[in-house]
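Peer 1: The structure under discussion is supplied below as structure tokens; questions concerning it will follow.
Since every read-out is calculated from the coordinates, none of them should be taken as a lab result. Keep in mind that what you see is a predicted model, and the values were worked out from it rather than measured. Neighbour counts are summed over all protein chains in view; Cβ atoms, including those assigned to glycine, are modelled from backbone coordinates with ideal geometry.
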Ligand SMILES: Nc1ncnc2c1ncn2[C@@H]1O[C@H](COP(=O)(O)OP(=O)(O)O)[C@@H](O)[C@H]1O
Ligand SMILES: [Mg+2]
């Protein structure tokens, strides 16, 4: 059984079919990419899967459960984490604190415990901090732990965002254009981090505008154009697909 | 606990004591009355600061929650139940049997029987909690000025209700509210020779409230609230139930406002429609704004100073206008509060470097 199964998903904005009857599956342990020109509907597709937007039609099944109609926080708690095309660091928070927020689903202290400063929260806070630190180390940015995240270089912010998303120990990680705004060195770095994440047994679904990044690291690719799935296959198959070549050359 | 958390709390406790000592040493004990009222106002302010500064929600209805607390307690403790008890009213008889009624005499020697203030207090909080949930669930779905308008609407409704309903005293409000005996020897009332004790009751309640909020701000929930304030959709995508967190924060701040309302009403011996007024809500928002939104200590210090000056009549007949001007000025020139102005920042930095 596939980890994620998207069936005939559609989303319209007024008369615009941003996502139109799109179906595909993501197998556990793989890296799958969704590519397509700007405006093809990739971000919208991600927003539908992660619950940020409600679909007009179609189904999303994750780990065998229907998740369409759930709120983003519920989907996150079910084991799906995401990053954003325009990086969304929490302003005024350090890199460490950003990742600590990511650990929210794996901790429990509520309003009462917090207000009363119960001893149980001390050990939990300590654990949250240590785990966040470990994640920063995993992404090789522990030296920026106490720097305000929003003031870091773009590539480092991406890494913080990865760490924050990984903090919930997701089964599936959605990455929306992780290389957007990065130079070629930073892009190569991000590619390395993605394979490192996959190496930890986490399935990755990534959206990318830029073909070169996904060709190297993806197991499978879905191509969107004007909201429709026009091709699906291995990087090699996609590279040789006439329709895909036409879209990318015609751009 | 690290010093970042404990130091401000310690300083706060010292300041509270120092204020009383200073008034006593300088023979200005009469300041204590306005100081006590300022401290209760600060309790409301601290709750509002949590909502505005940490959860990023604007409420123009907090005078309404203050009034729900104050009016509930005032009504229950001024309603004379003597004849109802004699008439055999089942509920009143039951309350009397449970020892939840208090007897006394009015200024005119009339025999009084009223609801024990502790019970009135508990009921005031329960009612406030229910109302805050009922208002908060639909209203907190709104954002920005829609939220402001909806809470403003709530505030106006409460104001109109207390103004129109006979049992709430209409335009006169409720007076002759008895004292609230917290513990034997500790009574909230406005008696002259009880002034110092009352100052410390207010200081103690505020200190406790601020301690709870300070703890919350530095907890897992506080971190989530700051995340919501900064980037709500990202916070939600991190698995934070953002609407529930905003709702709970709103309810907590409403309870803080209601506690302030109950205590202030017993302290003043009454409450009037003006306390429920929208201008009061605007004033509270202005104070949190000038304190720097996400700064509990900024809001508290501004709340104490401005409320005190206002109660001393420093702003004369321009009282409400002063707070209006403050709000506009802050929004235009120092949206992060005056403590974040370059002048202060430089001052703080040089103090740190030394
Ligand atoms: N919230 C929205 N309201 C209206 N139109 C939208 C909205 N979001 C996206 N669109 C439109 O939907 C189409 C797909 O957008 P998007 O999913 O962002 O594409 P991509 O991520 O592939 O660049 C675009 O034409 C875009 O203008
Ligand atoms: Mg996009």
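Peer 1: Select, from A:18, A:33, A:2, A:55, the only residue that is more than 14 Å from chain B (Cβ to nearest Cβ), touching a helix residue (DSSP H, G or I) at 6+ places or on another chain (Cβ under 6 Å) and outside any strand (DSSP E or B).
Peer 2: One residue alone meets the criteria, A:55.
Peer 1: Filter region B:21-33 for residues that are within 13 Å of residue B:200 (Cα to Cα) and under 21 Å from the mean Cα position of the chain (by Cα) and give the result.
Peer 2: Result: B:32, B:33.
Peer 1: Residue check: is residue A:109 on the phi < 0 side of the Ramachandran plot, within 19 Å of the chain's Cα centre (by Cα), facing chain B (nearest Cβ under 8 Å) and not in a helix (DSSP H, G or I)?
Peer 2: no
Peer 1: Please go through region A:169-189 and give me each residue that is away from ligand 2 (no atom under 16 Å from the Cβ) and crowded, with 21+ Cβ neighbours inside 10 Å, ordered by number.
Peer 2: A:170, A:172, A:173
Table: residues versus (1) in contact with a strand residue (DSSP E or B) (Cβ under 8 Å, 6 or more places away or on another chain); (2) in a helix (DSSP H, G or I); (3) farther than 17 Å from residue B:160 by Cβ.
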| residue | (1), (2), (3) |
| --- | --- |
| B:57 | no, no, yes |
| B:60 | no, no, no |
| B:63 | no, yes, no |
| B:71 | yes, yes, no |
| B:77 | yes, yes, yes |
| B:92 | yes, yes, yes |
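Peer 1: If I ask for residues that are within 16 Å of ligand 2 (Cβ to nearest atom) and part of a helix (DSSP H, G or I), which ones from region A:191-226 would you list?
Peer 2: Those that are within 16 Å of ligand 2 (Cβ to nearest atom) and part of a helix (DSSP H, G or I): A:211, A:213, A:214.
Results for (1) in a helix (DSSP H, G or I); (2) without any contact (Cβ under 8 Å) to a residue 12 or more places away in the chain; (3) more than 10 Å from every other protein chain (Cβ to nearest Cβ), shown as yes or no for each residue.
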site	(1), (2), (3)
B:142	no, yes, yes
B:152	yes, no, yes
B:177	no, no, yes
B:203	yes, no, yes
B:254	yes, no, yes
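Peer 1: If we keep just the residues of region A:172-201 that are within 16 Å of ligand 1 (Cβ to nearest atom) and at positive phi, which is nearest to the other protein chains (Cβ to nearest Cβ)?
Peer 2: A:177
Peer 1: Hey, among A:100, A:93, A:80, which residue is at the interface with another protein chain (Cβ under 10 Å from one of its Cβ atoms) and within 15 Å of the chain's Cα centre (by Cα)?
Peer 2: Criteria check complete, one pass: A:80.
Peer 1: Is it fair to say residue B:180 is touching a helix residue (DSSP H, G or I) at 6+ places or on another chain (Cβ under 9 Å) and under 30 Å from residue B:4 (Cα atoms)?
Peer 2: No; evaluated as a whole, the condition is false for this residue.
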